[in-house]
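One structure is given below, encoded as structure tokens.
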Amino acid sequence: FSAEKDIKSTNLHYICPMNWQQLISNKRLGQEHRHAERHDDRSEFKRDYDRLIYSAPFRRLQNKTQVFPLPGSVFVHNRLTHSLEVSSLGQSLGNDVCTRLKQKHPELANTLFEEIDTIVSAACLAHDMGNPPFGHSGEKAIQTFFTEGEGKQLKSTVSSQFWDDITHFEGNANAFRLLTHRFFGRRQGGFVMTYSMLASIVKYPFSSSLAGRHGKFGFFQTEAEDYRKIADELGLICKSKPGEPLKYARHPLVYLVEAADDVCYEIMDIEDAHKLKILSFEETTRLLLGFFDEDMRREITERIREEGVTDNNEQIVYMRASVIGKLENECVRTFVEHEEEILNGTFNGSIIDHIAPLQREAYRRCTEISYQKIYHSKPVLDIELSGYKIMETLMSVFVEASVNPKRFYSQQLIRRVSSQYDIHSDDVETRIMAVIDYISGMTDVYALDIYQKIKGVALPIV
């Protein structure tokens, strides 16, 4: 009591740390007071995983650009293969972290905490489901339609909160919307996922008004109360005062989802760049072996020789696998060592920012080369330019139709929008958001097809 009195008297703001027992919950959003009949022994988190992997939005990831154009004669990663690899690595991270933390906290044994590998794996499956066609170019096209394009004139007709949401349109926030909003005829709300899985995909747990220059945020205003409900139930630390824009500390498992994504996209992009001959074999080898000390480099090189791996692509695969294994171990160690800061909401940056100096510097070199030679390579720039134009055109015609729905051409376009989206709402903001939902859910090929039909470049063949 004396300590509590001292805290109050000095006006310090005391924040209780998060705790694992509360952070891991199998309560489902939309079914909080209902227990569905079970016909098998799957855990609730395994049900999350299965619902995602069998869903149409997840399948559509196979036709969405990751970095490089969709494959021709050389197969590179798309959003689907990337998500599956991230999920695999996420499961390893969750399993190893669980093992280590149970040694530190024996009371976590035989609790839901032991399923964090499944939670992280499911969250990794879902982490890119809100991304629009054509990668970051598509994301940028939606944002700039409102900040630089024809949509700029709509600012005075919508609320400031809605304007913040659409001008900062973000794939991560859109994934949370996709999983919680009442799409696909589900009355309970979205996919009816568990609280812990939903919290684990929100990398930026604050509203769009706090997005700042980096442009990232975690949820649209339409889903803010859902996130608040989830965060409060799980005991996430609230960092906003009453009346301020919503802001929370991350759920700890977000760091593992982010780490799995960071490792996979960076290292796999290097491998893809080698396959596409953007990076030479020698340059790729230097980048990958740079994650190891001299003794380990010799050992890896010797193993490749002993196993008779002579094909350059297969040698790169071997090195890439070694790098991912090393980074997985480093991420687990870093997470466990920084557990207290993570639970206190004071951990800064990503796990990758805190791994050992040798691996951190090697990762930095990879990101530098990726920026210089991969993300600005001609194939990537070509798909970004084409994708941007396609998305800009789709946004222009469909938003115009949603704002002026009584016009003949508008009605024709609106009939093109799936009935799962509330395009016929009396509220203009709801109609605009329905257009964004519709376009962001398209695959690259479908977006191109609709674009060509709108422009009169292609006619349907019966």
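Here are a few things to note about the model shown:
- Criterion violated by LEU279 - all others in (1) assigned to a loop (DSSP other than H, G, I, E, B); (2) surrounded by fewer than 22 Cβ atoms within 10 Å (Cβ to Cβ); (3) in contact (Cβ under 8 Å) with a residue 24 or more places away in the chain satisfied: (2)
- Within the range 120-142, one or more residues are over 30 Å from LEU448 (Cα atoms) and among the β-branched types (Val, Ile, Thr).
- Extreme residue, surrounded by the most Cβ atoms within 10 Å (Cβ to Cβ), among residues of the range 130-159 that are small (Gly, Ala, Ser) and touching a residue at least 12 places away in the same chain (Cβ under 8 Å): GLY138
To keep it simple, each residue is scored yes or no on (1) at pLDDT 95 or above; (2) touching a Gly at 6+ places or on another chain (Cβ under 9 Å); (3) aliphatic (A, V, I, L, M).
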{"residue": "ALA211", "(1), (2), (3)": "no, no, yes"}
{"residue": "LYS216", "(1), (2), (3)": "no, no, no"}
{"residue": "PHE220", "(1), (2), (3)": "yes, no, no"}
{"residue": "ILE230", "(1), (2), (3)": "yes, no, yes"}
{"residue": "GLU233", "(1), (2), (3)": "yes, no, no"}
{"residue": "GLU244", "(1), (2), (3)": "no, no, no"}
{"residue": "ALA249", "(1), (2), (3)": "yes, yes, yes"}
{"residue": "VAL254", "(1), (2), (3)": "yes, no, yes"}
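- Being part of a helix (DSSP H, G or I), hydroxyl-bearing (Ser, Thr, Tyr) and closer than 30 Å to CYS238 by Cβ holds for only one residue in THR334, THR367, and it is THR334.
Conditions tested, residue by residue: (1) modelled with pLDDT of 95 or more; (2) in contact with a Ser or Thr (Cβ under 9 Å, 6 or more places away or on another chain).
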residue: LEU276; (1), (2): no, yes
residue: SER280; (1), (2): yes, no
residue: ARG298; (1), (2): yes, no
residue: MET319; (1), (2): yes, yes
residue: VAL323; (1), (2): yes, no
residue: ILE342; (1), (2): yes, no
residue: THR346; (1), (2): yes, no
residue: ILE351; (1), (2): yes, yes
residue: ARG365; (1), (2): yes, no
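- Screening LEU287 against (1) surrounded by 14 or more Cβ atoms within 10 Å (Cβ to Cβ); (2) more than 28 Å from the chain's Cα centre (by Cα); (3) in a helix (DSSP H, G or I) leaves a single unmet condition, (2).
- Filtering the range 216-248 to residues that are among the small types (Gly, Ala, Ser) and closer than 19 Å to GLU170 by Cα leaves GLY218, ALA224.
- Annotation note: of ASP449, ASP427, ASP382, the sole residue that is among the acidic types (Asp, Glu), surrounded by fewer than 20 Cβ atoms within 10 Å (Cβ to Cβ) and touching a residue at least 60 places away in the same chain (Cβ under 8 Å) is ASP382.
The values are calculated or read from the model by the stated rules, or taken from the named source; none is laboratory data. Because the structure is a prediction, the values reported are computed rather than measured. Heads up, the Cβs are rebuilt from the backbone with ideal geometry, glycines too, and the neighbour counts pull from every protein chain shown.
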